[in-house]
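The values are calculated or read from the model by the stated rules, or taken from the named source; none is laboratory data. A quick note: this is a predicted structure, and the numbers were derived from the prediction, not measured. Don't worry about glycine lacking a Cβ; one is built from the backbone with ideal geometry, like all the others, and counts go over all protein chains shown. Keep in mind that these areas ignore ligands, DNA and RNA; they rest on the heavy atoms of the full protein, side chains included. Shrake-Rupley method; radii C 1.70, N 1.55, O 1.52, S 1.80 Å.
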Amino acid sequence: MTVDLHYELTGPERAPVLVLSHALGLDAGMWTSLTARLGSRFRLLLADTRGHGGSPAPLGPYSIAELGADYLRLFDRLGLARVSWCGLSLGGMIGMWLAANAPERIDRLVLCCTASRLPPREGWTDRATAVRWAGTTAGLVDKSLDRWLSTPFRRSHPEIANRCASTLLTCDVEGYAGCCEAIGNLDLREDLSRITAPTLVLSGMDDPICTISMSATLAGSIRGASLLAVPGRHLAVVEAADRCTPALLDHLIDPEREAA
């Protein structure tokens, strides 16, 4: 069963729509450092994936197909026939599913620090069990921050690090656990050959979760995809926003549409 996602749609009404989809344990606010940079060229759709932010958190487990179907429901609610998609980690996984299973809805695709499969399954199901048992995500905060952002970046941008920590700490427990189970059961390797949207794979050079090697394999499995590695850990698009923005604009802007 699909749910109605909490969302914000901002930017010029006639501009192409770009969805920015966040990582596990965060919400649409993750993209704050990029929205100002992209907001003048795109109509930005910032939604909270089910179980996160202001979106409902039904009982899990969830699947990537269910998370993707929630977004298709949102597109239909908003009358959006076709969008571009930029997703990080869990957001990238949802983007891959959409591009393979609803290709007519995805114009251009950016996959940031993500993977088509992220074993072992038991690691994700054990995390889901532990979070449900504890009734809080508090025990995940310190380790997650270390994986997400480099120490120098956290020191120089404490407001970003603190917001990430606060968002994870207040994430709905069942929503977080259900999405962990979706990642644990993820295997999109056979779907990748069906992706026809022009695709950019963006990788953090020091990402300990979705490594450069994994990103290279992902890019090599999608026809015509390009790969860009930037400084940073798992939230590399946040950590290296200045470096990523020109690459995102170059990939996402259709020259023929701009000339029209």
Original post:
Can you tell me the accessible area per residue over region 66-146, all protein chains present, probe 1.4 angstrom, in square angstrom?
Top reply: 39
Original post:
Antiparallel as a % of all DSSP beta bridges within region 7-259, to the nearest 5?
Top reply: 15
Subject >> Debye intensity ratio I(q)/I(0), log10, region 119-254, q values 0.17, 0.20 Å⁻¹ (C-alpha model) >> reply: -1.10, -1.27
Original post:
To the nearest 10 square angstrom, how much accessible area does residue 7 have with a 1.4 angstrom probe?
Top reply: 80
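Counting only protein heavy atoms, what percent of the accessible surface of region 161-202 is carbon or sulfur at a 1.4 Å probe? List each step's numbers first, then the result.
Numbers: 730 of 1580 Å².
Looking at region 161-202 in its full context, I get 46 percent from C and S.
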**OP:** Could you work out the relative contact order of region 65-142, using alpha carbon pairs under 8 angstrom and six or more residues apart, expressed as a whole percent?
**Re:** 26
Original post:
Roughly how much of residue 122 is accessible, in Å² to the nearest 10, using a 1.4 Å probe?
Top reply: 110
Subject >> Distance in nm between pseudo-label sites at residue 132 and residue 187 (7 Å out along the Cβ direction from Cα) >> reply: 2.2
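Can you sort 207, 76 by solvent-accessible area, 1.4 Å probe, largest first? Let's see the in-between values first.
Details: 207 10, 76 100 Å².
Result of the area sort, largest leading: 76, 207.
How high is the relative contact order of the chain? Use alpha-carbon pairs under 8 Å, at least six apart in sequence, and give a whole percent.
Over the chain, the number comes to 22 percent.
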Original post:
If you take the C-alpha gyration tensor of region 7-259, multiply each eigenvalue by 5 and take the square root, what semi-axes do you get, largest first, in whole Å?
Top reply: 25, 20, 19
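Would you kindly state how much longer the chain becomes between residue 216 and residue 76 on full extension, computed as 0.36 nm times their sequence separation minus their alpha carbon distance, in nm to one decimal? Walk me through the numbers on the way to the answer.
Working: separation 140, 0.36 × 140 = 50.40 nm, distance 3.34 nm.
Taking residue 216 through residue 76 to full extension adds about 47.1 nm, to one decimal.
Largest first, what is the accessible-area ranking of 49, 217, 211 with a 1.4 Å probe?
Numbers: 49 0, 217 90, 211 45 Å².
Order by accessible area, largest first: 217, 211, 49.
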Subject >> Dipole magnitude of region 7-259 about its Cα centre (Cβ charges: Lys, Arg +1; Asp, Glu -1), debye to nearest 20 >> reply: 200
